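None of the figures in this text is laboratory data; all of them are computed from the coordinates on show. If you're wondering where the values come from, they're calculated on a predicted model, not measured in any experiment. Glycine also receives a Cβ, built like all others from the backbone with ideal geometry; neighbour counts cover every protein chain displayed.
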């Protein structure tokens with residue numbers, strides 16, 4: 001129940017994350033949480049789908065506004081400015097064509113009331129009413145015709161105008177992680193570089209727009225279904241179906257499923273990545289491309305095939321790469337280039353924006369153990385006696401109060417050095433509870449653990465690999481409870497090592513000791529879990 | 001996110017007029033149509049009503065813009081006009097009884113708008129509704145919305161997130 005409530009508390013943070021309005025710290029915390037929480041991932045997916053729906057609607061509204069804007073531009077005569085509207089040109093200078101509805105209002109400054117031609121008839125008496133009525137009828141008829149024409153679809157020319165002003169085909173930013181943008185002041189030369197504001201999640205990146213990131217990962221999807229993951233630092237110019245990688249790394253993926261279910265590359269506009277020295281054309285695959293400072297290009301194929309062509313027209317070369325093959329186009333002496341097969345570590349290319357995370361094999365106290373039996377994962381010993389290479393297992397003890405129960409029954413239980421609460425330990429004694437876990441295939445620098453603990457009588461310290469997580473401040477232990485018997489939440493995001501890791505928790509017995517039969521002298525209940533990115 | 005500019009290059013005559021410090025109707029519409037439409041959309045029942053009100057807002061603006069002394073305040077002034085026009089619109093609506101409900105026939109060439117989405121937005125409280133619609137239609141920037149609504153960026157961000165969360169819940173309820 002506690003976990004459920006925590007996810008609900010995150011809902012507004014997830015909304016801000018999808019809107020691109022989340023602060024970096026919260027975004028990082030959320031991305032870590034997404035890795036382990038399917039419910040929050042689902043919520044993020046629903047919100048992203050709604051964003052797409054909203055943006056689609058917004059685009060339609062903008063198209064309508066474009067029509068209206070065009071109508072205004074046609075309708076307004078080239079007057080010096082509105083305050084000087086009395087000097088507006090006569091109706092004969094009005095643009096030809098249908099009369100926009102914006103002109104039929106009687107109180108408009110452009111309706112001729114202030115113009116000499118109409119003013120003359122307005123002084124002529126009843127005849128002026130006839131002329132005015134006629135003019136109004138004509139205006140109404142013109143406006144009616146304009147609306148009818150609009151409804152009947154005689155607006156292809158307007159539509160073409162709008163389409164002409166829409167950006168050429170490009171991509172859409174579909175995902176990002178820890179992106180940092182270069183601090184480049186706008187100049188005439190780099191106007192085409194997408195500003196950070198324009199690079200929000202779900203924003204469109206038109207063809208020809210340059211995207212630069214200093215670090216992090218940015219995923220751009222194309223209309224063809226192809227995707228690229230830019231890996232900072234990188235400079236990439238978005239194309240119709242692919243683009244130009246000027247510097248850095250990217251991973252391209254194209255999943256075009258034909259009716260038969262086989263993957264095919266689109267024709268006649270294949271997904272291709274151009275670089276200063278090469279053109280890497282997708283033939284239905286997933287591949288990585290790297291461009292170094294000299295413009296030399298390396299490509300590696302994860303699966304499928306790609307064709308790598310030299311972009312130097314005076315020295316055409318080509319090679320087709322299959323799965324797990326790599327090639328490099330590099331400069332040799334002088335201006336000559338060489339295309340050769342190379343060994344590439346494929347792990348240097350990011351294949352997903354949010355790296356795959358796996359749970360860390362650590363369990364809460366008393367997990368999957370029977371009352372009165374030893375805990376298979378947690379050991380306990382008197383502090384200072386850890387010279388014993390095989391400390392005894394902690395023992396499961398019965399529950400004390402209903403409020404001191406784990407969030408999910410069965411995930412954790414009370415453990416202690418004694419089997420019952422009626423075997424008090426010496427006053428002020430400190431016992432260390434220890435468990436270990438192996439990160440195996442995980443990257444230690446990406447691991448994190450999170451949990452909460454409650455101890456009788458007080459939590460003195462939490463250590464990972466012998467290093468205290470939060471050192472005491474001014475002689476006051478960080479984890480001692482001070483506000484009643486509350487669970488102490490904690491998180492650990494550093495101090496992990498490759499292979500085996502040791503987590504220790506020091507608990508001190510109370511002073512004075514609780515009366516026998518009511519409290520135990522020493523016990524610990526800890527819920528804990530975490531994950532780590534898959535990697536070397 | 002920066003929205004794509006449909007007609008990004010004003011003509012030279014317009015530029016000359018704007019260079020002289022005067023606000024032209026083209027410039028008014030070009031700069032603020034999205035914000036005005038957003039306010040109209042947030043305060044009317046549907047897109048057609050919003051378009052009608054927007055038209056009356058710009059008509060009003062063209063006749064009374066000479067009273068605007070500070071061009072920097074043009075946007076805030078226009079949005080205020082838009083809100084008043086929306087109130088007038090609703091007042092007129094109450095006084096009239098429609099004979100028949102006009103059938104919704106999609107116009108050829110005119111993109112259809114998602115009415116269900118708009119209906120969900122209409123269920124939001126007024127201040128949330130206006131913030132949300134302004135955000136999406138006028139540049140997707142909390143700073144811009146804050147300037148339009150004379151509020152702080154932090155307050156707008158909080159209001160936006162809550163509005164979006166409420167919209168999500170409404171859309172989810174609708175799907176169920």
With R₀ set to 25 angstrom, the calculated FRET efficiency between the beta-carbons of residue A:341 and residue A:534, to the nearest 0.05, is 0.35
Expected integer from the mean partner chain Cβ neighbour count at 10 Å over B:26-32 is 3
note: the range A:1-51, Cα-Cα separations exceeding 16 Å make up a percent value of 32 percent
Per the rule of 0.36 nm per residue minus the C-alpha distance, extending residue A:382 to residue A:494 adds in nm 37.7 nm
So for R0 = 30 Å, FRET eff. of residue A:12-residue B:46 from the Cβ-Cβ r, to 0.05, ends up at 0.55
Percent of all alpha-carbon pairs of the range A:310-353 at distances over 13 Å, whole number, is 64 percent
Inter-chain shielding metric for A:51-64, i.e. average beta-carbon neighbours from other chains within 10 angstrom, reads 6
For peptide A:12-18, the mean count of other chain Cβ atoms within 10 Å per residue Cβ is 4
Output ordering of A:229-242, B:67-80 (per-residue mean of other Cβ within 10 Å, highest first) is A:229-242, B:67-80
